[in-house]
Amino acid sequence: LARMVVAAFPGCAVHACGSVAEAGSAIAEDAFDLALLDLGLPDGSGMDVLRLLTGNGAQTLCVITTLHGNDEHVLPALAAGAMGYLLKEQPEELQVRQLRQLADGIPALSPPIARRMLAHFRAVPASAPQDAGLTTRESEVLTLIAQGLRVAEVARNLGLTDNTVAGYVKSIYQKLGISSRAEAATQAARLGLLR
């Protein structure tokens, strides 16, 4: 990954971290223009690092670089603020080209991810409810779930118990006719809850 970044942006300084804890320390000490985040880390997930970067108001461009290309990973990462999603299996020269495009405001998306996203949104009925009858609290919970937060994290964020949030999630899923976090992220975007 470091080699790809240097190839995409010659002369840049690269700081590599091998864990969420190490990344947290680096983020506390310095500001970064770009972060390539692997989802599988020994002490957590790249999603934890993504939330650290997007939660502190940093202007870091975050790109997920992983082997996981399914909806359960892609949609929550993008909803949480990732500006790209690259699969490690694609050729290095393609990844370098996609990283360079970030400078022009073009998201770095592996072709299979872009196709998956298009297929996913085509599969969502155009008649999806714009007003699903969610309460204000349910909308808040949906927004946080769609950003990739876990039930316990949503509970801490809103000052609720885990059981209360789990009840809200169940109600939201029933009202929207969904059954996964990926679908929750899609519906949150359709309802205008994600920015």
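The values are calculated or read from the model by the stated rules, or taken from the named source; none is laboratory data. Everything numeric in this text was worked out from a predicted model, so none of it was measured. Cβ placement follows ideal geometry from the backbone for every residue including glycine, while neighbour counts extend to all protein chains displayed. With ligands, DNA and RNA removed, areas are computed over all heavy atoms of the protein, side chains included. Shrake-Rupley method; radii C 1.70, N 1.55, O 1.52, S 1.80 Å.
Below, the figures for the structure above:
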item: Accessible carbon and sulfur surface of the stretch 1-90 relative to its total accessible area, %, 1.4 Å; result: 55 percent
item: FRET efficiency for L67 and N163, using Cβ-Cβ distance with R0 set to 41 Å, rounded to 0.05; result: 0.75
item: Residue of L39, L149, L158 that the Gaussian network model of the chain assigns the largest fluctuation, springs spanning Cα pairs under 10 Å; result: L158
item: Sequence of D104, D48 when ordered by accessible area, the most exposed leading, probe 1.4 angstrom; result: D104, D48
item: Accessible area in square angstrom per residue, the chain, 1.4 angstrom probe; result: 52 Å²
item: Nearest-10 value in Å² for the accessible area of E138, using the 1.4 Å probe; result: 10 Å²
item: Per residue convex hull volume, Cα atoms of the chain, in Å³; result: 124 Å³
item: Most mobile of E92, E29, E183 in a GNM of the chain (Cα contacts under 10 Å); result: E29
item: Structure-based [θ]222 nm, the chain - -39500 (n - 2.57) summed over DSSP H runs of at least 4, per residue, nearest 500; result: -15500 deg cm²/dmol
item: The chain - percent relative contact order, Cα under 8 Å, separation 6 or more; result: 18 percent
item: Sequence-distant residues sharing a close amide H with T65 (under 5 Å, placed H); result: L37, D38, L39, L86
item: Solvent exposure ordering (accessible area, 1.4 Å, most first) of E72, E89, E153, E140; result: E89, E72, E140, E153
item: Solvent exposure, largest accessible area first (probe 1.4 Å, DNA, RNA and ligands not counted), of V6, V169; result: V6, V169
item: Projected label distance in nm at Q90 and A28, using a 7 Å step from Cα toward the beta-carbon; result: 3.5 nm
